[in-house]
Amino acid sequence: MRILVVEDESQLAGHIVRALTRRNHTAESRADGAEGLRAALTSPPDLIVLDLGLPGLDGLTVLARLRAPACPARVLILTARGEVGHRVKGLEAGADDSLAKPFAMEELVARVEALGRRGATPTAADLLKAGDLVMDILHRRVSRAGQPIALSPREFDVLQVLLQEPGRVFSRTELCERVWQRDHEYDTRTVEIFITRLRKKIEVGGAVPLIHTIRSVGYTLRPPEAPSAVGPTAGRSSPL
């Protein structure tokens with residue numbers, strides 16, 4: 001893989017580059033966020049190791065600017081131990097994995113290579129489709145009519161649940177349980193917020209709606225040609 005390391009601690013950056021090179025990867029480093037962002041957008045690598053605690057242009061800003069044009073590189077973020085909030089924000093902004101400092105170099109290499117395996121060619125089993133909406137589970141990518149759609153990890157997870165069973169109606173509670181799993185991490189209002197975000201992203205430009213609200217029940221996703229599964233009460237109501 002071609003790997004870009006964006007880390008301002010020069011000694012650590014050197015150790016990471018050498019460890020990855022020993023595993024037959026091509027690795028180079030940049031010492032600040034602006035340089036890293038420029039390098040990633042000019043010639044996108046397969047994977048980026050990105051420190052969030054960069055001076056100047058911080059790692060979260062770099063990540064946001066990478067994902068805005070849907071940069072395909074997988075991203076492993078590095079955070080200081082105990083910075084749970086930064087790690088969560090990074091994952092929600094589109095990072096694929098995170099690692100807290102200090103870390104064992106063997107673990108970093110293992111995580112990099114695990115992310116690299118997502119770069120394999122997806123099979124039919126890795127693709128979920130509804131009309132012109134396509135989800136690549138292996139690479140965690142989504143597109144509509146061939147245009148990439150940048151989703152946060154949680155947005156992706158909600159959409160995946162809906163796409164796995166198109167036409168099925170999910171209650172807000174079931175969607176929450178499928179995605180968040182622990183009671184203290186969500187309430188039913190949370191899923192409404194994520195559904196609204198997903199609609200804005202996958203229905204941009206007046207695209208045909210795919211996610212529908214079933215009044216007093218929940219949500220369903222179905223391609224335009226699919227008939228309603230619950231009779232005349234089904235369909236899109238208000239956005240929430």
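Any read-out appearing in this document is the output of simple, stated calculations on the displayed coordinates, not a laboratory observation. These figures come from a predicted structure and were not determined experimentally. Here Cβ is always computed from backbone atoms with ideal geometry, including for glycine, and neighbour counts include all displayed protein chains.
Points to keep in mind about this one:
- Of the peptides 71-80, 159-168, the order by per-residue mean of other Cβ atoms within 10 Å, starting with the highest, comes out as 71-80, 159-168.
- Mean Kyte hydropathy of -1.0 or more with a Cα span along the axis of at least 20 Å, helices from DSSP in the chain: 188-202
- Considering only beta bridges that DSSP places wholly inside the chain, some 45 percent are antiparallel.
- Summing Cβ point charges (Lys, Arg +1; Asp, Glu -1) relative to the Cα centre of the chain gives a dipole of roughly 520 debye.
- For the chain, a Kirkwood hydrodynamic radius built from all Cα pairs, placed in the Stokes-Einstein relation at 37 °C and 0.692 mPa s, yields a translational diffusion coefficient of 170 µm²/s.
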